[in-house]
């Protein structure tokens, strides 16, 4: 378990490892632009109509796709990297999304992720996440805070996976993972 103070640095450093053509799923308003290397050819995927309108303005001519991550409208092996920051909690079908990410990644491509995840089963934080899920699914764009994203990534068939665990301190400690998986 890593100290939360290193989380922002880890996130920035992971994003900066991306190169070539990079697909960002659930790109939101483009908050990660500042951390992407200048030489990256960025493509944004955003299913939410209102967020996509803002993203299109922020993206300043970059390609923005209107689709969910379960069916990415790109050819197989067409991107060098995929970026996901606090998105996998809200996709409709996590295993299908991870298979789509692998499909669009070129061989040797990197999937960089920074995600909040389920607390260990049996903890009060996990019980709270489970209890909050019906509300967060409705009020926070489908977010499921009790989703075991780390295990799903580990089971998705990536060749290598490196990840670190972090906990955001507070009244309710929120577990996060940050890492990269190679196709």
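Here, each number is a calculation from the coordinates, and none is a lab measurement. Quick caveat: nothing in here was measured; it's all calculated off a predicted structure. Reconstructed Cβ throughout: ideal geometry from the backbone, glycine too, with neighbour counts over all protein chains shown.
Using helices alone, I'd like the mean residue ellipticity at 222 nm for the chain: each DSSP H run of four-plus residues gives -39500 (n - 2.57), total over residue count, nearest 500.
Calculated at 222 nm, the ellipticity per residue is -8500 deg cm²/dmol.
How far apart, in nm, are the 7 Å Cα→Cβ label points at residue 76 and residue 93?
1.7 nm
With Kirkwood radius over Cα pairs in Å as the read-out, I listed (1) 16.6; (2) 17.1; (3) 16.1; which label goes with the value calculated from this structure?
(1)
For the range 129-183, what Kirkwood radius comes out of the mean inverse Cα-Cα distance, in Å?
Value: 12.8 Å, from the Cα pair sum.
Once you have the Cα-Cα distance between residue 49 and residue 17, take 0.36 nm times their residue separation minus that, and quote the gain in nm to one decimal. Could the numbers behind the result be given before it?
Details: separation 32, 0.36 × 32 = 11.52 nm, distance 2.94 nm.
Here the segment from residue 49 to residue 17 would lengthen by 8.6 nm.
Need one number: convex hull volume per residue for the range 1-80, Cα atoms only, in Å³.
Value for the range 1-80: 121 Å³ per residue.
Angle check, please: helix 49-58 long axis (alpha carbons) against the longest principal axis of the chain (alpha carbons), in degrees 0 to 90, nearest 10.
Once rounded, the angle reads 60 degrees.
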